[in-house]
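Single-structure report; data block below.
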């Protein structure tokens, strides 16, 4: 028996402010309205359902961000225990949110790579399934439902704008575009300057691993994207868009002013595209508002002071 999805079909709203400024038609796919606050719930639901169907009772993962929080939420709802390893850089704000939905949380390592190694060690030692934050076909399958919904909610756009961290969402968007035969849509990949692993890989036509990541858009802070994202990119017209942290946060501010909703700078990266690039009059642009819950009002006000 297939369980009812725990993610919701999110609305597509027109951004009247951005449309007026750019003379384009700009639409937002509101993944920030998911129960876990981000698109990550889609892929995690599909992957966890598969593991539950195979009889697993506990999983281990490494993520101090939206993937971890979505996994913890799904685990609580599906009755499967979740052991998360997060790096020392993870905020108490986020750790508390993850614990609130019942996950076991260990803090280990200076960065995600360290935490990930520890999580995989636990997985092997205790024979527990390892759930990656972005590199798994079932995650991409779940994320691809975003475009399935868009195809029911609107006509084919000229461009889709998507933030890129490890590339899991991007793979899902490509899969959804292919399935719905939206093959002519131009894909804009949004990254900050301190975490532009996809842009560098796309330019080199091979995977490029960054030596370090340095950005306030922590949900984009993957040193290397998944190979599948580059392979899918060869089937579309793709335009990498790389901006400063300040520009990404400005995207968050503009969104908050219009929709009264906080999202992370990782999401602001995509939101900033239309206002900072030359777009054709009347062209239709859909932005994937990926969301993100690692942005409380205190952090938002801190960034306002930093970038004012």
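Test residue 68 against the stated conditions and say whether it is modelled with pLDDT under 95, under 19 Å from residue 289 (Cα atoms) and touching a helix residue (DSSP H, G or I) at 6+ places or on another chain (Cβ under 8 Å). Yes, satisfied.
Once the range 50-81 is narrowed to residues that are in contact (Cβ under 8 Å) with a residue 40 or more places away in the chain and assigned to a strand (DSSP E or B), the residue that is surrounded by the fewest Cβ atoms within 10 Å (Cβ to Cβ) is 58. Candidates are the residues of the range 98-110 that are out of contact with any helix residue (DSSP H, G or I) (no Cβ under 6 Å at 6 or more places or on another chain) and under 16 Å from residue 62 (Cα atoms); the one that is surrounded by the fewest Cβ atoms within 10 Å (Cβ to Cβ) is 110.
Scan the range 253-308 for residues that are part of a loop (DSSP other than H, G, I, E, B), on the phi > 0 side of the Ramachandran plot and either at pLDDT 95 or above or within 22 Å of the chain's Cα centre (by Cα) (or both) and report the count. Spell out how you get there, then give the answer.
Restricting attention to the range 253-308, the residues satisfying the condition of being part of a loop (DSSP other than H, G, I, E, B) are 260-264, 272-273, 277-283, 290, 292-296, 308.
Within this subset, residues satisfying the condition of being on the phi > 0 side of the Ramachandran plot are 260, 282, 292.
Still in the running and either at pLDDT 95 or above or within 22 Å of the chain's Cα centre (by Cα) (or both): 260, 292.
Qualifying residue count for the region: 2.
For the range 147-165, state whether one or more residues are touching a helix residue (DSSP H, G or I) at 6+ places or on another chain (Cβ under 6 Å), modelled with pLDDT of 95 or more, in a loop (DSSP other than H, G, I, E, B) and under 23 Å from residue 252 (Cα atoms). Yes, the conditions are met somewhere in the range 147-165. Collect the residues in the range 166-191 that are out of contact with any helix residue (DSSP H, G or I) (no Cβ under 6 Å at 6 or more places or on another chain), part of a strand (DSSP E or B) and either touching a residue at least 60 places away in the same chain (Cβ under 8 Å) or within 26 Å of residue 218 (Cβ to Cβ) (or both), keeping them in residue-number order. 187, 188, listed by residue number.
The values are calculated or read from the model by the stated rules, or taken from the named source; none is laboratory data. Note that this is a predicted model, so its numbers are computed, not measured. We place every Cβ from the backbone using ideal geometry, glycine too, and count neighbours over all the protein chains shown.
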